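Have a look at the structure below before the remarks.
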Amino acid sequence: MAIGSGLGGSLGMAVETTYGTYAAPTRWHPLDAFPFKKVPNYNQAGGLAAGKMLKRKSRRVLTHHAAEGQFTSEFYHKGMGRLINLLMGGTVAPVQQATSTAYLQTHTLQDPAGKFCTWQAGIPDTGGTVRPHTFLGCKVKSMEFSCETGGHLMVATEWDCRELSEAQALVAPSYTTGLKPFHFAQGVIKLGAVGSEASVSGVKKWSLKVERGLDTERFYFGNAGKKSEPLLNDWTKITGSVEVDYENKADFADRFHGSTGTSMVVDFTGDLIEATYNERATFKTPAIFFTGDTPTVDGPGIVGATFNFEVDDDETNTPLTIEIMSTDTTL
């Protein structure tokens, strides 16, 4: 029997071959919370009938299915490739570095069509029985990466799901041992021309959010009230922010005032894997524009500002690349 509280919960994932068709979980993410839930659409017919003051239960029907979920996780030194691939799209194969045990994953922003998964939440009741809630046809709506002074590198996710099913048995969780999160002390932020970015100082907090513009309302006749795979129907929106102390006017303030684009590279370097290869998570955005702010004096403390930014396409480089160096030989 499991612990009869959230301490006995689990969330496992597997990539689906066919949208909405169950895939037994093969990877589990250690999380503090994972609120996945059913979002059904009911409709109830009326119809006046003498003496009846309430609508009748026989006329209440479930017209279509849906579900949604979210969770926030540390960004670990391994086992993150599948998650990132569901966001970024494309086919990614880790590339061995020389003859070492280090493998590089390069995720570039592509169409996420065909990228979906099953999430299975193990929900314990107070008696210690874990009830499987299996969410099928899960598509990434957004991911936000962030890190602040004294914190871990975090990733917050939002999901659109085709349906919640209780027909599948619970798959017992099996966690990767020795997972290490990337963290603030391992991070550096660089600005400048593409390929010549240089480290900047004064940054206390960074975030980067990727929102895929998906049509999540593809409900059609003949589909038993279940949606077809959400597809892109709007621009992908990539935004972020940096919270800084006012150390170098040229780094942020001048670029904001002059609406001057720059490349940003955010790099987290972990432990040595082998030879010259370290664990690494790198976020590359070749064309960002700061949309604010202006540093102001608001009291006796150090002057600071939060500079929001937007990511554009520079028509030469991919707008966003996420690189992962790890010992993972597959996603």
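Please state the charge dipole magnitude for the stretch 205-331, taken about the Cα centre, from unit charges on C-beta atoms (+1 on K and R, -1 on D and E), reported in debye and rounded to the nearest 20.
440 debye
Set the Förster distance to 45 Å, then compute FRET efficiency between Thr18 and Thr306 from the Cβ-Cβ distance, nearest 0.05. It would help to have the intermediate numbers written out before the result.
Numbers: r = 44 Å, r/R0 = 0.97.
E(calc), rounded to 0.05, equals 0.55.
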Discussion item. Within 9 Å, Cβ to Cβ, of Gln105, how many net charges do the neighbouring residues add up to if Lys/Arg are +1 and Asp/Glu are -1?
Written reply: -2
Worksheet item: Can you run phi through the Karplus equation (6.51, -1.76, 1.60; θ = phi - 60°) for the stretch 315-331 and list ³J(HN,Hα) in whole Hz, with x for Gly and Pro?
Response: 6, 10, 10, 5, x, 8, 10, 10, 10, 10, 9, 7, 8, 5, 8, 9, 5
Worksheet item: In the stretch 148-171, which residues have a backbone nitrogen under 17 Å from the label point lying 7 Å from Asn41's Cα in the Cα-to-Cβ direction?
Response: 160-164
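Sort 250-259, 204-213, 174-183 by the packing proxy (mean of other Cβ within 10 Å over each peptide's residues), most packed first. Working shown, then result.
Working: 250-259: 15.4, 204-213: 19.1, 174-183: 13.5.
Going from most to least packed, we get 204-213, 250-259, 174-183.
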Worksheet item: Hey, which lysines would be in cross-link range of Lys57, C-alpha to C-alpha under 26 Å, not counting anything within fewer than 8 residues on its own chain?
Response: Lys37, Lys38, Lys226, Lys227
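Between rounded, prolate and oblate, where does the stretch 168-317 land on the alpha carbon gyration tensor, with a ≥ b ≥ c its root eigenvalues, rounded for a/c under 1.5, else prolate if a/b exceeds b/c? If you can, show how the numbers build up before the last one.
Details: a/c = 2.09, a/b = 1.40, b/c = 1.50.
Because a/c hits 1.5 or more and a/b fails to exceed b/c, the stretch 168-317 counts as oblate.
Would you please give the FRET efficiency between Thr239 and Thr176, computed as 1/(1 + (r/R0)^6) with r the Cβ-Cβ distance and R0 = 35 Å, to the nearest 0.05? Can you show the working numbers first?
Details: r = 31 Å, r/R0 = 0.89.
In this case the efficiency is close to 0.65.
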Discussion item. Of Thr260, Thr276, Asn233, which is farthest towards the positive pole of the stretch 232-283's charge dipole, taken about the Cα centre with +1 and -1 on the beta-carbons of Lys, Arg and Asp, Glu respectively?
Written reply: Asn233
Item to complete: Would you calculate a helix-derived [θ] at 222 nm for the chain, using -39,500 (n - 2.57) for each DSSP H run of n ≥ 4 and dividing by the full residue count, to the nearest 500?
Response: -1000 deg cm²/dmol
Item to complete: Name the lysines eligible as straight-distance cross-link partners of Lys284: C-alpha to C-alpha under 29 Å, and not fewer than 8 places from it in the same chain.
Response: Lys78, Lys115, Lys139, Lys141, Lys180, Lys190, Lys204, Lys205, Lys209, Lys237, Lys249
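Rank-order 78-90, 20-32, 189-201 by packing density, defined as the average count of other C-beta atoms within 10 Å over each peptide's residues, highest first.
Details: 78-90: 20.0, 20-32: 16.3, 189-201: 14.3.
Sorting 78-90, 20-32, 189-201 by mean packing, highest first, produces 78-90, 20-32, 189-201.
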Fill in: Gyration tensor verdict on the stretch 133-217 (Cα atoms; rounded if a/c is under 1.5, prolate if a/b is larger than b/c, oblate otherwise)
oblate
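For the stretch 173-225, what is the charge dipole size about the Cα centre, in debye to the nearest 20, if Lys and Arg each add +1 at the Cβ and Asp and Glu each add -1 at the Cβ?
260 debye
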Item to complete: Take every Cα pair under 8 Å in the chain that's 6+ residues apart, average their separations, divide by the length, and report that relative contact order as a whole percent.
Response: 19 percent
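No value in this document is a laboratory result; all are computed from the given coordinates. None of the values given here were measured: they were computed from a predicted structure. Cβ coordinates were reconstructed from backbone atoms using ideal geometry, including for glycine residues, and neighbour counts include every protein chain displayed.
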